[in-house]
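None of the figures in this text is laboratory data; all of them are computed from the coordinates on show. Values in this document were obtained by computation on a predicted structure and should not be read as measured data. Cβ coordinates were reconstructed from backbone atoms using ideal geometry, including for glycine residues, and neighbour counts include every protein chain displayed.
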Amino acid sequence: MKFVSILMGSKSDYGVMEECAKTLEKFGVMYELIVSSAHRSPDRTHAYVKNAEAKGAKVFICAAGMAAHLAGVVASLTTKPVIGVPMKGGVMEGMDALLSTVQMPGGMPVGTVAIGSAGAMNSAYLAMQILAIDDEELAAKLKEDRILKAKKVETDSSGIEVILS
Ligand code: RP5
């Protein structure tokens, strides 16, 4: 079994992280999704990561807001790639979570994506790009997705563009 593990620090993160799950589903990539907090349920977080890795988790995606330590804690428990998604909320609109997630000490990386929904979607894409290193079928799907994105730019432009000769 090969899958992506999505952890969220709170159920309140789900509204944004649903986008991550939906993106993985669109590409037929298996995932698990749980709420587990670095602060409120440290034992559950520890047990989940160890068990998920043993079952076949290849990449961990961790979403948390405010003093966002979830991705860092997960990174301390596994050598699988960990992607951190900083959540908006709190008085600093996600800047607190961004800095907390990204500022890991040397040798303990968390690949950190953008705050909020773009980050949620990109965490799924980045996880799939990692899986696609040795999965040709998934790699082909990601290439096709890029082609469709480029075509959409042309289509979007065609109705409104102004080009001088
Ligand atoms: C973080 O604190 C969670 O990831 C969430 O983004 C934020 C607020 O959590 P709740 O108070 O809504 O549960 O740990």
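Summary of computed values
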{"read-out": "nm² value of the averaged projected area, convex hull over the Cα atoms of region 19-92", "value": "5.2 nm²"}
{"read-out": "Pairs beyond 29 Å (Cα-Cα), from Lys88/Lys151; Lys55/Lys151; Lys11/Lys80; Lys2/Lys152; Lys22/Lys149; Lys2/Lys141", "value": "Lys88/Lys151; Lys55/Lys151; Lys2/Lys152"}
{"read-out": "Cα-centred dipole magnitude for the chain, charges only on beta-carbon of K, R (+1) and D, E (-1), debye, nearest 20", "value": "320 debye"}
{"read-out": "Against the rule of thumb 2.2 N^0.38 Å, how large the Cα Rg of region 3-135 comes out", "value": "0.93"}
{"read-out": "Dipole axis of region 3-135 (+1 Lys, Arg; -1 Asp, Glu on Cβ), positive-most option in Ser117, Pro86, Ser10", "value": "Ser10"}
{"read-out": "Charge-dipole axis of the chain as Lys and Arg at +1 and Asp and Glu at -1 on Cβ define it, positive-most pick from Ala71, Cys20, Gly159", "value": "Ala71"}
{"read-out": "Listed residue (Ala127, Met95, Ala54) projecting farthest to the positive dipole end of the chain, Cβ model", "value": "Ala54"}
{"read-out": "Extension gain, Glu161 back to Leu142 (0.36 nm per residue minus Cα-Cα distance, nm)", "value": "4.0 nm"}
{"read-out": "DSSP-loop trypsin sites (Lys or Arg not before Pro) across region 51-147, with at most 13 other Cβ within 10 angstrom", "value": "none"}
{"read-out": "With Cα atoms, 0 to 90° folded angle of helix 117-131 axis to the chain main axis", "value": "90 degrees"}
{"read-out": "Linear extension gain, Thr79 paired with Val91, 0.36 nm per residue minus alpha-carbon span", "value": "1.1 nm"}
{"read-out": "In degrees, nearest ten, helix 14-26 long axis to first principal axis of the chain (Cα)", "value": "60 degrees"}
{"read-out": "Distance from region 1-23 to region 72-106 (C-alpha centre basis), Å", "value": "15 Å"}
{"read-out": "Nearest-ten-degree value, helix 136-158 long axis tilted from longest Cα axis of the chain", "value": "50 degrees"}
